[in-house]
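Read the figures in this text as sums done on the coordinates, not as results from a lab. Given the structure is predicted, the values throughout are model-derived calculations rather than measurements. Note that we place each Cβ from the backbone using ideal geometry, even for glycine, and neighbour counts take in every protein chain shown.
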Amino acid sequence: MPAPDAQTSKTLLVVDDEPRILAALKEILERQGYHVVTVGDASHALALLRDRAFGVVISDHVMPDMTGLDFLVECQRIQPHATRVLVTAVLSLPTLVDAINKGEIYRFIAKPWLREELLATVRNAVNRHELLTQNQRLLAESSELNRRLTEANSALAEQIARLEAQRRALDEVNQELGRRYDHSLELCSRILATYDPYLAGQTQAIAAVARQMAASEHFTDEERHVLKTSAWICDLGLIGVSREVLRTFRRDPSRLTERELAGIHSHSIYSQTLAGHLDSRSQVGETIRAHHERFDGGGYPDGLAGQSIPWTARCLAVAVWFVECGKSSELALEEVTAQSGQALDPEAVRLFRTTARLSPLPRSVREIMLDDLRPGMVLAGGLYSPHGLLLVGEGQSLSPGTISKIRSHNLMTPITQRLLVYS
């Protein structure tokens, strides 16, 4: 079948064996802007139908070589979308039935025709062909889009399957990396245990305290990892110190020479270097290096103070102080509390107390951190400045302004007391 183009709908094929009628139809239709092709016999018309596309085919019924009905039936086979119009002077019932059933004729034009009726019929026939052509094009486009969509869905399914396989492979790699990481930490612990069992025991205790602190909501996921990892390897640099010097340091540090004491104080730097081979996160090394800095600035190796010490290092310092003071839990807790605002960050001490739960509190009282203060809370104990000046009295309900003043005062002069509120 010839392919239609944009002008096909207005291209008309008129078939009649009477030249006078052909000429009249051509003149009338061309004045309306149609492109009209006239043919005097059905055989020639069928040959044209095979070569080019027409929007409307108008045929006389009574012709010498073939009836108009038979011609239009053949036309329907060659160009099914062309609108077929039969012109006849004989409108008998059998002719009408055959035209509808066999040729699927769109309209009949009776001879002699009325000009306005003829033009209306042709105009409607052209519109019908345009609609059929447009529908065919839309169906073809829809079919093509569906084909492309099917291919895209298939490609997407394959891509999803590949990504899922990659995800599973990545999960397996991450799990393996996690196992190797844990194995590396365990290896470090065994190295410490082989070198100095007492040091290894301290490390395990420090790691346990750090793990309790890291379980609170006051850390990001990254900070939790940094704190827990740093606790395991913060003293790894001590393997460079002789066992005899370590024993002397534990029993009587005053007996050490300046050089021996400097070696002890340098262990956090050595631990930072060794940590870089285990964990590429710079925060781990920075936390390890700073875990012996003091909140008041009197620590080592860099003399950092206050907020300039990483938060994770301030928390690790509390855990190390608690474990290394070598006293019972109650006495060690008192020691840690006494160092709040001096060697240790008061907020880190409060976090330690709230997570370690080593000190029993009345059921109606709980200990919180500065960040946990909320309007409406009632203090279970007064807050005082280091000089004994009452800042907030016991039993006072906290307002947003009071909380802001407490936090501002803490920035200027750290509040070392425990923050107790009624539950």
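Using a ≥ b ≥ c from the Cα gyration tensor of the range 123-232 (square roots of the eigenvalues), is it rounded, prolate or oblate, where a/c under 1.5 gives rounded and otherwise the larger of a/b and b/c decides, a/b for prolate? Prolate is the answer for the range 123-232, as a/c is 1.5 or above and a/b outweighs b/c.
In the chain, the calculated helix contribution to ellipticity at 222 nm averages -19000 deg cm²/dmol per residue, counting -39,500 (n - 2.57) for every DSSP H run with n ≥ 4. Value of Rg to Rh for the chain, rounded to two decimals, is 1.60; Kirkwood radius and Rg both from alpha-carbon coordinates.
A simple spin-label model places pseudo-atoms 7 Å from Cα toward Cβ; at SER43 and LEU163 they are separated by 6.7 nm.
How high is the relative contact order of the chain, in percent, with contacts defined as C-alpha pairs under 8 Å that are six or more residues apart? Could the numbers behind the result be given before it?
Values: 575 pairs, mean separation 34.3, N = 423.
Worked out over the chain, it gives 8 percent.
Here is the list for the range 174-267: GluC sites (Glu not before Pro) lying in DSSP coil, each with at most 13 other C-beta atoms within 10 angstrom of its C-beta, are GLU217. Under 21 Å from the Cα of LYS10, which lysines turn up, not counting those fewer than eight places away in the same chain? The reachable lysines, counting only those whose Cα sits under 21 Å from LYS10, are LYS26.
Length gained on full extension, GLU217 to TYR181, computed as 0.36 nm times the residue gap minus the Cα-Cα distance: 10.5 nm.
This model, with +1 at the C-beta of Lys and Arg and -1 at the C-beta of Asp and Glu, gives the chain a dipole about its Cα centre of some 1000 debye.
Length gained on full extension, HIS387 to THR194: 64.6 nm, using 0.36 nm per residue less the C-alpha separation.
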